[in-house]
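*Asks:* Have a look at the structure that comes next, please.
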Amino acid sequence: MAKMTRPLIAGNWKMNGLAGSLSELDAIIAGSSSAPFADLLVCPPATLVAAFAARAKGTGVMIGAQDCHMAPCGPHTGDISAEMLRDAGVSFVIVGHSERRADHHESDEIVRQKALAAHRAGLTAIVCVGETKADRDAGNTLDVVGRQISGSVPDGASAANLVVAYEPVWAIGTGVTPTVRDVEQVHELINLKLSMKLSIGSQPVRILYGGSVKSNNCKDLLDILHVDGALVGGASLNAADFLAIAAAVPK
Ligand code: PGA
């Protein structure tokens, strides 16, 4: 089904990639014409952000980061601000990925502050939400995701500076995905919540699905109403796999 917004296929490399991985980016850039109906974004680890941004400049491939601090600068050893990322050439930053919520105890409020920091720096924030297996088994998925959207998405955001990614925690890196109906239900809820939160008449914000998206299951997922692209982990590390997913975006 044709989409109301141009889909975004984003690769989240997580803690993977060394200087030699620039060749993988080159392959994505070279093959990007095979995916004419999607925007392409690669989010390498912080060590590679500047080199990737320099390499991708002027091509159809955009570069993003995986996290930012909420402050613009200051005494925060080891952290990187949204302004620094902007200076390094990125245009997007993922905030509130479930691995950061778990490993670094990031609350909805921290995620919201990070999204605001991204906006302050002129970046688009990709705010991640998603339920755990225990939440789903207890029938709490819609409550949990609804609460995360309310707490993590800043008021006044717009399609120009916000993307939301629905990533069920139990689907990340497991090879297991929710049913089409389950994804449809959560995306419908997110769409509704966003339409109440964002300014009236604004363009719809893109809502990505993430969690074990592969070339062999992406078509069914990308066809779902209110699925405006994918956040891809493992399968984004290989240019051919990533491009195959992007090429499956419906016209
Ligand atoms: P996965 O990761 O595609 O490897 O499941 C997705 C993500 O965590 O963004």
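*Asks:* Report the gain in length on full extension from Asn238 to Thr5: 0.36 nm times residue separation, minus Cα-Cα distance, nm rounded to one decimal.
*Replies:* Using 0.36 nm per residue and subtracting the Cα-Cα distance, I get 81.3 nm.
*Asks:* Please compute the length gained on full extension between Ala54 and Arg120, using 0.36 nm multiplied by the number of residues separating them and subtracting their Cα-Cα distance.
*Replies:* So the extension gain works out to 21.5 nm.
*Asks:* Report the relative contact order of the chain, percent, no decimals, based on alpha-carbon pairs under 8 angstrom and at least 6 residues apart.
*Replies:* Relative CO of the chain lands at 23 percent.
*Asks:* Report, in listed order, any pair from Lys133/Lys193; Lys197/Lys219; Lys14/Lys219 with a Cα-Cα distance greater than 27 Å.
*Replies:* Lys197/Lys219
*Asks:* I've got another one for you. Please compute the net charge surrounding Leu243, taking Lys and Arg as +1 and Asp and Glu as -1 over other residues with Cβ under 15 Å from its Cβ.
*Replies:* -2
*Asks:* Accessible area per residue of the chain at 1.4 Å probe, in Å²?
*Replies:* With the other protein chains kept in place, the chain gives 43 Å² per residue.
*Asks:* Counting only protein heavy atoms, what percent of the accessible surface of the chain is carbon or sulfur at a 1.4 Å probe?
*Replies:* 56
The values are calculated or read from the model by the stated rules, or taken from the named source; none is laboratory data. The model shown is predicted, which means the values in this text are computed figures rather than measured ones. Heads up, the Cβs are rebuilt from the backbone with ideal geometry, glycines too, and the neighbour counts pull from every protein chain shown. For accessibility, only protein heavy atoms count, side chains too; no ligands or nucleic acids. Shrake-Rupley method; radii C 1.70, N 1.55, O 1.52, S 1.80 Å.
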